[in-house]
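Undergrad: Below is the structure I would like to discuss, written out as structure tokens.
No lab work stands behind these numbers, since they all come straight from the coordinates. Note that the structure is predicted; figures quoted are calculated from it, not measured. Using ideal geometry, Cβ is built from the backbone for each residue, glycine included, and neighbour counts are taken over all protein chains shown.
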Amino acid sequence: MTTVQQAKPNSNIIPLQQPFDGLKSFGIPESAPAEQGLIAALLYNSHLFHEVAATLDDDAWYYREHTIIWNAMNELVNDGKPIDMVTLSRRLLETESTSQESALHEVGGPAYLTELIRDNRWINYKAYVGIINETHRRLCMLQTADELKAAATDYKVEINESVNIAYGHLDKLNDKNRTFTTIGDGLKSHLDIAEERRENPLAMGIPSGIYKMDKMIDGFHKRRVYLVGARPGHGKTALLMTIALYAAEQGIRVGIFNTADGNEQDVISRLIGIAANVNSHEILMGRCSSQEYSRYVEATVKVSKYPIYIESKKGMTLPELLVKARNMKYRYGLDMICIDYAQRIGIDLSHPKAPVNRAEQLAYISQKITDLAGEEFLNLPILVGAQLNRGAEGRSPAKSDIKGSGAFEEDADVVIMPYREDFSSETMEIIVDKNKVTGRTGAIDAQINKVSTKIGDLQWQ
């Protein structure tokens, strides 16, 4: 077993400048020996630079002097020059410092670099990188804690916005642990997915229950945004609820956010109606046959066991939506989110940076939903309902008809538009006008049950 030989901080030459509070007060081990050892290793063998650069965290150096030295080494490598005592000293001498002296003087001069080589062994460089990264990440955690404290005590910011700021800091901190994927690892995962899909076609993505649509869009994939746009009465909510119910039947954990009317009973009524193949409104009004009521009760018992979680609030603000989505994921481990619908999401206008123009607000909402879908923590697809402009009445819609902002069209990975040419007929189309997943677009023949509003393939009964 190799013992890590650490150098002592060379305080006799210069006192190292610490950019943050001392490590000892937090119980974090001193990183100066590891930093000095790593610099010495690179001076001994400059061929190690690329390996070190690939594994060392960005901004990982704790001491300012070492940051200056590292930047100078990086410049030498970029210029195609070797790293040694002569070239490094010359580069530092030519580099301006924050003081009136050269960078070489600021780091302690050639004497400091000489002392580093004398007191260290380059063979332990990998261990030094590990120590530096660990110290850096612990300091980032302390900084994040300070930022969370600041957000919590800033009473000028609405609480939900403060919570979202906190989530943002934590997600940024999590980036420190992410690494690149090699082509070998990536291909192994790729082949695993291909094999799984060969054996189970539904593994392509979360299924909608509409075969032709699943075939076109490949199901619903993690970290993707699917925009479901339509004029009123054409099946926007019906399609979202049909998809949500079918997914839940397969054991998919679905979160439904009703921003349209804020009534969770409307959501439940739609889901039960689809499951029972009845008009739930007529059931609640007492206008139904005994057979219909029996089916309704049976479906209620069945659906109550599905992993569906509902959050309803009319005019739900964007910060509220983001917080509730993350909380729902934390509590229930969601696999999919459905939002009905985008233009009813509000903005906290008391926030100093809140967009005033409604188009800018909707663009901001679209961007934040896209960011939410891409979060490592959530790791799921988001289906978003959206209204279309009045200009889409009486004709087949296009993605450019999305109401309020072109950002929804631009940010979405897939745009799906249910369209009913004749409201007296049960036949309809599901138009896929944008598809960044498979590239396939076009109109799908489908049908809607006018009693329950369930949407399915044209052959579905």
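Undergrad: Return the sequence-ordered ³J(HN,Hα) values of region 307-323 in whole Hz as given by the Karplus equation 6.51 cos²θ - 1.76 cosθ + 1.60 applied to θ = phi - 60°, using x for Gly and Pro.
TA: Each residue's phi maps through the Karplus curve to give x, 10, 10, 10, 10, 10, 6, 5, x, 3, 7, 4, x, 5, 4, 5, 5 Hz.
Undergrad: Mark the label point 7 Å from the Cα of SER304 along Cα→Cβ and return the residues of region 257-271 whose backbone N is within less than 17 Å of it.
TA: Those under the cut-off are 265, 268-271.
Undergrad: I'd like the Karplus ³J(HN,Hα) series for region 63-71: coefficients 6.51, -1.76, 1.60, θ = phi - 60°, whole numbers in Hz, and an x wherever there's a Gly or Pro.
TA: For region 63-71, the Karplus curve yields 9, 4, 4, 6, 4, 4, 5, 4, 4 Hz.
Undergrad: Let me ask something additional. With the crude spin-label approximation of a point 7 Å out along Cα→Cβ, what separation in nm comes out for THR441 versus LYS222?
TA: Using points 7 Å along Cα→Cβ, the separation is 2.8 nm.
Undergrad: Moving on to the next point. Given R₀ = 30 Å, FRET efficiency for THR55-LYS149 by Cβ-Cβ distance, to 0.05?
TA: That pair, THR55 with LYS149, gives E of 0.45.
Undergrad: Quick query: amide H of CYS338 versus all other amide H atoms, modeled in the peptide plane; which residues come in under 5 Å with a sequence gap of 5 or more or a different chain?
TA: Long-range HN contacts for CYS338: GLY255, ILE256, PHE257, LEU383.
Undergrad: Please compute P(r) over all alpha-carbon pairs of region 24-153, binned at 10 Å starting from zero, and give each bin as a whole-number percent.
TA: Taking every Cα pair in region 24-153, the percentages come to 12, 41, 32, 12, 3, 0.
Undergrad: Here's something else I'd like to know. Could you check the simple spin-label distance between ASN327 and LEU458, using points 7 Å along Cα→Cβ, in nm with one decimal?
TA: My value for the distance between the label points is 4.6 nm.
Undergrad: So for region 200-457, taking the charge dipole from beta-carbon charges (+1 Lys/Arg, -1 Asp/Glu), which of PHE408, TYR246, TYR306 sits furthest toward the positive end?
TA: Farthest towards the positive end: TYR306.
Undergrad: Beyond 20 Å between alpha-carbons counts as too far, so tell me which of LYS324/LYS434; LYS302/LYS329; LYS329/LYS368; LYS324/LYS368; LYS324/LYS454; LYS215/LYS434 fall in that bin.
TA: LYS324/LYS434; LYS302/LYS329; LYS324/LYS454
Undergrad: Suppose R0 equals 51 Å; then what is the FRET efficiency for GLN265 and ARG64 from their Cβ-Cβ distance, rounded to the nearest 0.05?
TA: Computed FRET efficiency for GLN265 and ARG64 comes out at 0.25.
Undergrad: Consider all pairwise Cα distances in region 305-461 and report the whole-number % of them above 23 Å.
TA: When all Cα pairs of region 305-461 are counted, 47 percent exceed 23 Å.
Undergrad: Place a +1 charge on the Cβ of each Lys and Arg in region 200-457 and a -1 charge on the Cβ of each Asp and Glu, then give the dipole magnitude about the Cα centre in debye, rounded to the nearest 20.
TA: Around 320 debye, computed over region 200-457.
Undergrad: Right, here's the next one. When the Cα atoms of region 398-452 are enclosed in a convex hull and the volume is divided per residue, what value in Å³ results?
TA: 101 Å³
Undergrad: Report ³J(HN,Hα) in whole Hz for each residue of region 291-301, in order, from the Karplus equation J = 6.51 cos²θ - 1.76 cosθ + 1.60 where θ = phi - 60°; Gly and Pro get x.
TA: So the J values, rounded to whole Hz, are 5, 5, 5, 5, 5, 5, 5, 4, 5, 4, 5.
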